[in-house]
Amino acid sequence: MGVAILTVCSKWAMVSIAGVIALTFAWKLVYHLQAKLRLLLCLGNERQQYWATPKSDIFPTVKREILWAPMFAKRHNREFKLSRAINVGTLPTRFQGLFLIAFLGVNIAFCTLSIDWSAKRTVVLKEVRNRMGIMATINMMPLFVLAGRNNPLIGLLRISFDTYNLIHRWLGRIVVLEALAHGIAYSINKVETSGGLAALGKTIRTSYSLQMGFIALMAFVVILFHSPSIFRHAFYETFLTVHIILVALMLSTLWFHLNLSGQAWVPYLKATIALWAADRAIRLIRIFYRNVSTKMSRATVEALAGDAVRVTVTMPRPWKFQPGQHAYLYIPTIGLWTSHPFTVAWSECKEVIKFDNKELSLHRQDIFTKEKPTMSFIIRRRTGFTDTLYKKAVSSPDKLFSTVAFAEGPYGTCHSLDSYGTAVLIAGGVGITHQVPYIQRLVEGYRDGTVATRRVTLVWIIQSPEHLEWIRPWMTSILALEKRRDVLKIMLFVTKPKSTKEIRSPSSTVQMFPGKPNIGTLLDMEIENKAGTLAVTVCGSGSLSDDVRAAVRLRSHKANIDFIEEAFSW
Ligand SMILES: Cc1cc2nc3c(=O)[nH]c(=O)nc-3n(C[C@H](O)[C@H](O)[C@H](O)COP(=O)(O)OP(=O)(O)OC[C@H]3O[C@@H](n4cnc5c(N)ncnc54)[C@H](O)[C@@H]3O)c2cc1C
């Protein structure tokens, strides 16, 4: 049934998806190669004058008006809130908006083009029903891939998980609308041709395939209504559990519906189920491989001033991570089976020397070193898992406890800053966890002559100086690095100091100020003194990210500048 339409729709849907992937890949490849070339050419070059200013107006305009532009005036990451607790979501960027409109347009075209609208009503309804059903099924493949933690497109196209998640949500809405249109077209046809609602009701009661289709449709509708930001953010764990149950119900009933009614598009459903199962299986394998060996991974959780904890997980196997990556943390004693994403703020690999029979050995072969890799997180207390974790740490002796923990990851991509002459890293509060590994990498790279970076400025906005404690041990290591003073400047802004005595600048390269920074003035100073291309990265609250985005856009023609944003939400 509908084989000809299926062939056309599936062929062009695949061509469109492959086309978008190929174009994005080509764009990212050019960007990557340009960065590599810049890195090589700038290695021994102090001012990097050639790379400092844009060579034409076209790219800065495209960046300012499309790639970095919020949908309207300024708002992108700052959430719309009904109250302090009720968050109703964010707006996509202009580029994301254009992509989503194009995606919707392509779907409407597939579902409507070349239908003979002058044909008999039953024929038109049947055609619409088939196309909607086919497109809903085909779209489920990207829908599932984009929601997976192991989405291969994250690494291939270097696009972050939260962007894919945004597309996943909109694609999901399109799929549900298509499934609804499929069901409605069928129902209208049945009512009009077979004797009204009673006949439709009787068919559904007697046909197992239709019953299954009906349940799948209801699952789709419930998914649509339980997924908005307001529920996701307020009850994330409940949302996730219900979402997975509904998705499993939808897939299984759809399976029977399509198989029993002999639809030719069953293979697309099989592919979707396989992709979903593969993501789940890879996650399980990752968790076991990373955390289980002769010993299991364990975490030490330490309560810190300023409503935060430092969690250090000791892993049984060596592991590597890159700046900007995160891992999902499972602490069964606190959150049972749930997992939460946290940015890896620091990772070390300590070599422990062991001796055979625990005695000092005279024979070299009896001595072996054992690597003990650790990864550390700073976790700010919110209201669920993080709150329980904090309370448990605070009530433990020495405000410290040790427990079994599993880390799944690392996930996410590193936006390499190695090829930028100047890097301005802006963090708000716990957003510092994203910036610390980049600072370490750039300062070490400067010392070793492996990066183009000549100037790194960290701007960290905190409410109180006690938040400095969060990263003190790691910052001490970074500040002790050779040549650090030549390259790294730290500006700390304390927004709620208890007294002015708290605001003390330890040195000319580590300065402390009261209040919030003026991002525009800071960027002007950096542009004035920059070397080569400038990277501005931000990780913090939505409003901080939007301020930085607006300030960078205003200066996109003044310097060769790139803007990179990391958000701790989706
Ligand atoms: C890529 C990434 C990196 C992050 N890095 C850090 C970090 O380094 N330090 C830090 O303190 N926080 C970080 N976060 C935020 C952190 O994951 C949430 O604060 C934490 O999951 C909240 O847990 P909770 O149960 O206390 O949340 P709640 O108080 O119940 O909710 C607070 C917010 O967290 C969201 N949230 C809750 N559970 C999850 C979950 N399992 N997955 C995703 N979001 C969830 C909710 O939607 C809500 O918006 C990061 C988030 C992401 C997406």
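The values are calculated or read from the model by the stated rules, or taken from the named source; none is laboratory data. Everything quoted here is computed from the prediction, not taken from an experiment. When we count neighbours, we look across all protein chains shown, and the Cβ atoms used for this are built from the backbone with ideal geometry, even at glycine. Quick note on the areas: whole protein, heavy atoms, side chains included, nothing else; ligands and nucleic acids left out. Shrake-Rupley method; radii C 1.70, N 1.55, O 1.52, S 1.80 Å.
Table: residues versus (1) modelled with pLDDT under 95; (2) farther than 25 Å from residue 132 by Cβ.
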position	(1), (2)
238	yes, yes
253	no, no
260	yes, no
264	yes, no
297	yes, yes
I'd like to verify a number: residues in the stretch 385-430 that are under 22 Å from the mean Cα position of the chain (by Cα), part of a helix (DSSP H, G or I) and buried (at least 24 other Cβ atoms within 10 Å of the Cβ), how many?
1
Just to be sure I understand the filter: pairs with C-beta atoms under 9 Å, separated by 6 or more residues or on different chains, first member in the stretch 328-340 and near the ligand (Cβ under 9 Å from one of its atoms) and in a helix (DSSP H, G or I), second member open to solvent by less than 10 Å² (accessible area, probe 1.4 Å) and modelled with pLDDT under 95. Which pairs pass?
none
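Quick one: in the stretch 224-236, of everything that is small (Gly, Ala, Ser) and within 9 Å of the ligand (Cβ to nearest atom), which residue is nearest to residue 338 (Cα to Cα)? Full working, then the answer.
First, pick out the residues of the stretch 224-236 that are small (Gly, Ala, Ser): 227, 229, 234.
From the residues that got through so far, the ones that are within 9 Å of the ligand (Cβ to nearest atom) too are 229, 234.
Details: 229: 20, 234: 16 Å.
Going through the qualifying residues, I end up with 234.
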Which one of these is out of contact with any helix residue (DSSP H, G or I) (no Cβ under 9 Å at 6 or more places or on another chain) and modelled with pLDDT of 95 or more: 215, 244, 230, 223?
244
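Just give me the residues in the stretch 366-384 being of a type in the set (A, V, I, L, M, F, W, C) and at pLDDT below 95, in sequence order.
Those that are of a type in the set (A, V, I, L, M, F, W, C) and at pLDDT below 95: 367, 368, 375.
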All conditions in (1) at pLDDT 95 or above; (2) in contact with a Gly (Cβ under 8 Å, 6 or more places away or on another chain) are true of residue 321 except (1)
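Restricting to the stretch 214-236, and then to whatever is outside any helix (DSSP H, G or I) and in contact (Cβ under 8 Å) with a residue 40 or more places away in the chain, can you tell me which residue is most open to solvent (accessible area, probe 1.4 Å)?
Restricting attention to the stretch 214-236, the residues satisfying the condition of being outside any helix (DSSP H, G or I) are 227-228, 235.
When the remaining residues are screened for being in contact (Cβ under 8 Å) with a residue 40 or more places away in the chain, the result is 227-228.
Values: 227: 24, 228: 48 Å².
Checking each candidate, the answer is 228.
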For the subset of the stretch 342-365 comprising residues that are open to solvent by less than 50 Å² (accessible area, probe 1.4 Å) and at pLDDT 80 or above, which member is farthest from the ligand (Cβ to nearest atom)?
347
Being surrounded by fewer than 23 Cβ atoms within 10 Å (Cβ to Cβ) and assigned to a strand (DSSP E or B) is the filter here; which residues of the stretch 543-564 pass it?
562, 563, 564
Cβ contacts < 7 Å: first residue more than 6 Å from the ligand (Cβ to nearest atom), restricted to the stretch 371-387; second residue assigned to a strand (DSSP E or B) and β-branched (Val, Ile, Thr), any location; separation 6+ or different chain. Result?
372/314; 372/352; 374/312; 374/313; 374/314; 375/313; 376/311; 376/312
Residue 66 among the β-branched types (Val, Ile, Thr), without any contact (Cβ under 8 Å) to a residue 40 or more places away in the chain and over 30 Å from residue 262 (Cα atoms):
yes
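Applying the selection to the stretch 237-261, what residues are within 16 Å of the ligand (Cβ to nearest atom) and either surrounded by fewer than 16 Cβ atoms within 10 Å (Cβ to Cβ) or more than 24 Å from the chain's Cα centre (by Cα) (or both)?
Going through the stretch 237-261, the residues within 16 Å of the ligand (Cβ to nearest atom) turn out to be 237-244.
Hits for the stretch 237-261 are 237, 238, 240, 241, 244.
Would you pick out the residues in the stretch 514-537 that are without any contact (Cβ under 8 Å) to a residue 40 or more places away in the chain and on the phi < 0 side of the Ramachandran plot?
First pass over the stretch 514-537, keeping only residues without any contact (Cβ under 8 Å) to a residue 40 or more places away in the chain: 514-515, 518, 520-521, 524-525, 527-528.
Listed by number, the residues that qualify are 514, 518, 520, 521, 524, 525, 527, 528.
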Give, as residue ranges, the strands (runs of 3 or more DSSP E) completely inside the stretch 440-542 that count at least 1 residues that are hydrophobic (A, V, I, L, M, F, W, C) and buried (at least 20 other Cβ atoms within 10 Å of the Cβ).
455-462, 488-494, 534-539
Take the residues of the stretch 262-288 that are touching a residue at least 24 places away in the same chain (Cβ under 8 Å) and over 25 Å from the mean Cα position of the chain (by Cα): which is surrounded by the fewest Cβ atoms within 10 Å (Cβ to Cβ)?
262
Please determine, by comparing only the residues of the stretch 294-320 that are open to solvent by 50 Å² or more (accessible area, probe 1.4 Å) and assigned to a loop (DSSP other than H, G, I, E, B), which one is nearest to the ligand (Cβ to nearest atom).
307
Could you tell me which of the residues 137, 122, 90 is more than 30 Å from residue 271 (Cα to Cα), crowded, with 18+ Cβ neighbours inside 10 Å and not aromatic (Phe, Trp, Tyr)?
90
With the requirement that a residue be more than 29 Å from residue 64 (Cα to Cα) and either open to solvent by 50 Å² or more (accessible area, probe 1.4 Å) or not in a helix (DSSP H, G or I) (or both), what does the stretch 96-111 give you?
108
Criterion first (of a type in the set (Gly, Ala, Ser) and closer than 30 Å to residue 41 by Cβ) does residue 532 satisfy it?
yes
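For the stretch 28-53: of the residues being aromatic (Phe, Trp, Tyr) and more than 17 Å from residue 526 (Cβ to Cβ), which is most open to solvent (accessible area, probe 1.4 Å)? Walk me through how you get there before you give the answer.
Kept after step one, since they are aromatic (Phe, Trp, Tyr), are these residues of the stretch 28-53: 31, 50-51.
In the following step, the residues that additionally are more than 17 Å from residue 526 (Cβ to Cβ) were identified as 31, 50.
Values: 31: 100, 50: 142 Å².
The selected residue is 50.
Answer yes or no: is there a residue in the stretch 194-204 that is in contact (Cβ under 8 Å) with a residue 24 or more places away in the chain, over 30 Å from residue 407 (Cβ atoms) and surrounded by 14 or more Cβ atoms within 10 Å (Cβ to Cβ).
So in the stretch 194-204, the residues in contact (Cβ under 8 Å) with a residue 24 or more places away in the chain come out as none.
Scanning the stretch 194-204 turns up no residue that is in contact (Cβ under 8 Å) with a residue 24 or more places away in the chain, over 30 Å from residue 407 (Cβ atoms) and surrounded by 14 or more Cβ atoms within 10 Å (Cβ to Cβ).
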Identity of the residue in the stretch 156-179, more than 18 Å from the chain's Cα centre (by Cα) and open to solvent by 50 Å² or more (accessible area, probe 1.4 Å), that ends up farthest from the ligand (Cβ to nearest atom):
177
